[in-house]
Structures are given as structure tokens and as C-alpha cells.
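This report concerns only the one structure given below.
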Ligand code: GLU
């Protein structure tokens with residue numbers, strides 16, 4: 001049974017691989033609106049576990065962009081790069097309870113084992129780990145740590161409805177700590193959402209298929225599962241997802257209220273007044289969001 005949820009606590013959790021862009025602003029605004037509409041707290045967490053991909057100064061840049069838009073967190077932001085001890089404690093618990101195991105495989109070995117047991121590898125996406133080290137590394141040193149998945153997960157998204165994923169066949173035993181010593185997003189996000197008392201995760205739809213992995217980790221660690229709302233993706237003109245990886249431009253903050261209005265439109269809110277201040281635009285967006293509750297779809 002999931003633990004009952006208490007006072008609303010939401011968060012925006014950018015990876016500081018680049019400045020805020022039109023896509024990430026939609027997630028930031030939706031999480032802020034939903035927290036405010038529920039009279040809850042809104043937090044910002046800087047997800048900089050993948051240090052080499054985070055240029056120095058980017059998190060400060062993002063916090064400055066949010067502030068210019070009137071999106072100010074209710075508590076000081078936290079940085080994942082400073083929370084390794086929490087992730088290690090969670091990994092130790094997962095190892096002790098048999099939910100995590102050491103894996104000695106290199107990338108090339110995984111690809112070769114995949115082809116031997118499961119056939120040609122898919123052109124895109126992560127390989128499903130074929131389970132080589134599930135029952136031990138045959139004396140080889142562990143390079144990475146993996147989560148032992150079981151069966152399928154069914155979950156409810158406030159916009160997308162009931163979702164299911166077969167973790168065993170679609171994802172496989174996924175990495176918690178990488179061979180290069182970096183923490184995997186899945187573990188860090190689960191530990192932090194629980195430690196920060198997050199009741200509601202509001203984020204972009206591109207992350208929806210990570211949710212079953214996170215729910216499986218929550219269950220293995222005895223942590224509550226938050227409610228989830230995945231917001232519509234913002235596509236570039238060529239139909240691809242807008243992301244920092246494909247060079248989405250930083251938002252132009254000369255007129256913050258215009259950016260807020262555009263993001264609100266992308267969330268499907270009715271047109272907001274023009275020529276309003278950022279604060280008035282946020283207030284109008286909040287009223288529209290409240291109107292759309294309880295499902296916010
Ligand atoms: N850090 C992730 C990103 O920027 C978001 C994680 C989340 O909201 O769970 O894509």
C-alpha cells in the first residue's frame with residue numbers, strides 16, 4: 001500500500017546541461033502552477049549528477065532565469081552533486097536486501113550478450129540488459145551496480161491516465177551507479193523526491209517512461225510513491241523534441257511575461273491577457289490552472 005500523501009510539495013528538477021529553454025520552461029511553469037493551485041510548496045532541485053555534462057555556472061543561470069520569470073522556490077535549492085552520501089546509503093540498502101547487484105560487464109560485452117540471447121540490437125534506445133551478472137560476476141570485479149527488476153508496473157498519470165510497462169522485457173536490470181562512479185538519474189531522483197517529501201511530480205512527458213523504474217525503486221526502498229503529472233512535450237519546428245541536447249535556444253527574457261504566456265498556451269491554458277506584468281501573468285495562469293483541476297489534463 002502506498003503511504004497516504006500529506007501537504008502538497010512539488011518540485012522543478014532541471015539538469016544544468018544548458019540554460020532554461022522553451023521546453024523546460026513549460027515543465028517549470030506547470031510544476032509551479034500545480035503547487036500554487038494546491039496551496040503547496042514549490043522546490044527547485046539541481047540535477048547535476050552527471051557533472052561532466054554540466055557547464056560551470058549553468059545552475060546559477062537557470063535560477064536567475066526562473067527568478068526573472070517570478071518563479072522563486074520556497075526553500076533553498078539543493079544540488080544533487082552534494083548528496084552522494086544519501087544515494088550511497090540507498091544503494092547499500094538495496095544491495096543488503098538483494099534488490100541491487102554488482103555488474104562486471106563492459107558495454108561491448110553487454111551488446112554481444114544481447115545479440116546472443118535476444119537477437120539483433122535495436123537501432124535506438126538503451127539495450128535491455130540480458131542479466132549476465134544477475135547471479136554473480138564469476139569472480140570479476142563489479143564495475144557498475146544494477147537494480148534487479150521484476151514483472152510489470154501499472155501506474156496512474158493525472159493527464160495520460162493508466163500506464164503500464166513491463167520492466168523485465170522493456171527495460172531490464174537498470175544501472176544505479178555507473179562504471180565511472182556517477183550516480184544514475186533513477187536512483188538520485190527517487191532518493192531526493194522522498195527525502196524532500198515531494199507529494200507531486202509534474203514534469204515533461206519525455207520522462208513518463210522512467211516512472212515505472214522509479215516506482216519499482218520506491219517500493220524496494222519502502223518509500224511513498226508521489227502522484228505524477230506529465231506535461232505535453234514542446235516540439236521543434238522539425239517535429240523533434242526540444243532539448244538542450246539538440247541545441248534548443250535559451251529563452252529570451254527581455255519580456256518575461258510573453259515567455260510565460262507562450263508556456264501557458266503550450267500547457268493548453270486559455271489565452272492570457274497581453275501587456276501584463278510577469279506577476280499578473282502568473283496570477284492569470286494560476287486562475288486558469290485552478291479552473292482546470294482536479295485532473296489538470
Ligand atoms: N533532471 C531531469 C531533466 O532535466 C528532470 C527530472 C525529473 O523531473 O524527474 O530532464
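The angle separating the long axis of helix 185-195 from the principal Cα axis of greatest extent in the chain is about 60 degrees. In the elastic network of the chain, a GNM with C-alpha springs shorter than 10 Å, the most mobile of 100, 28, 112 is 112.
Our summary gives region 133-262 a relative contact order of 22 percent, counting only alpha carbon pairs under 8 angstrom and 6 or more residues apart.
Result for the chain in a Gaussian network model with C-alpha springs under 10 Å: among 57, 39, 139, the largest mean-square fluctuation is at 139. Dividing the convex hull volume of the alpha-carbon atoms in region 139-206 by its residue count gives 130 Å³ per residue. As a calculated quantity, the FRET efficiency between residue 137 and residue 88 at R0 = 22 Å, using C-beta atoms, amounts to about 0.65. Taking the fewest neighbouring Cβ atoms within 10 Å as the starting point, the ordered list for 177, 275 is 275, 177. Estimated at 0.36 nm per residue, the fully extended path between residue 106 and residue 219 surpasses their Cα-Cα distance by 37.8 nm. Looking at region 82-179 alone, DSSP beta bridges between its own residues are antiparallel in about 90 percent of cases. A Förster radius of 35 Å, combined with the Cβ-Cβ distance separating residue 209 from residue 275, puts the computed FRET efficiency at roughly 0.30.
Would you compute, from DSSP H runs of 4+ residues alone, the mean residue ellipticity of the chain at 222 nm, taking -39500 (n - 2.57) per run and dividing by the full residue count, rounded to the nearest 500?
-10500 deg cm²/dmol
Mind checking the angle between helix 256-266 and the chain's longest principal axis? C-alpha axes, 0 to 90 degrees, to the nearest 10. Between helix and principal axis, roughly 60 degrees. In the chain, the alpha-carbon atoms span a convex hull of 141 Å³ per residue. Maximal additional length on extending the residue 250-residue 127 stretch stands at 41.1 nm, based on 0.36 nm per residue less the C-alpha distance. Of all DSSP-defined beta bridges confined to the chain, some 50% are antiparallel rather than parallel.
Cα centroid separation, region 152-187 to region 126-146: 17 Å. Over every Cα atom in region 23-162, the radius of gyration and the widest Cα-Cα span, Dmax, amount to 20.2, 56 Å.
If the elastic network links every pair of Cα atoms under 10 Å, which of 219, 45, 266 fluctuates the most in the Gaussian network model of the chain? Greatest mean-square fluctuation among the candidates belongs to 219.
If you count the DSSP beta bridges with both ends in region 157-249, what percent of them are antiparallel, to the nearest 5?
Working: 3 of 9 bridges.
In region 157-249, approximately 35 percent of DSSP beta bridges are antiparallel ones.
For the chain, relative contact order (Cα pairs under 8 Å, six or more residues apart, normalised by length) works out to 24 percent.
For the chain, the longest principal axis of the alpha carbon atoms and the long axis of helix 211-221 meet at an angle near 60°. Shape analysis of region 87-246 places it in the oblate category; the axes a ≥ b ≥ c from the Cα gyration tensor give an a/c of at least 1.5, with a/b not above b/c. Each Cα pair under 8 Å and six or more residues apart adds its sequence gap; the mean of these over the residue count of region 17-176 is a relative contact order of 18 percent. Residues 11, 116, arranged from fewest to most other Cβ atoms within 10 angstrom of their Cβ, appear as 116, 11. Placing a pseudo-label 7 Å from each Cα along the Cα-to-Cβ vector at residue 238 and residue 170 gives an inter-label distance of 2.8 nm.
Readers should treat all values here as calculations from the given coordinates under stated rules, not as data from a laboratory. These figures come from a predicted structure and were not determined experimentally. All Cβ positions, glycine included, derive from the backbone under ideal geometry; neighbour counts span all protein chains shown.
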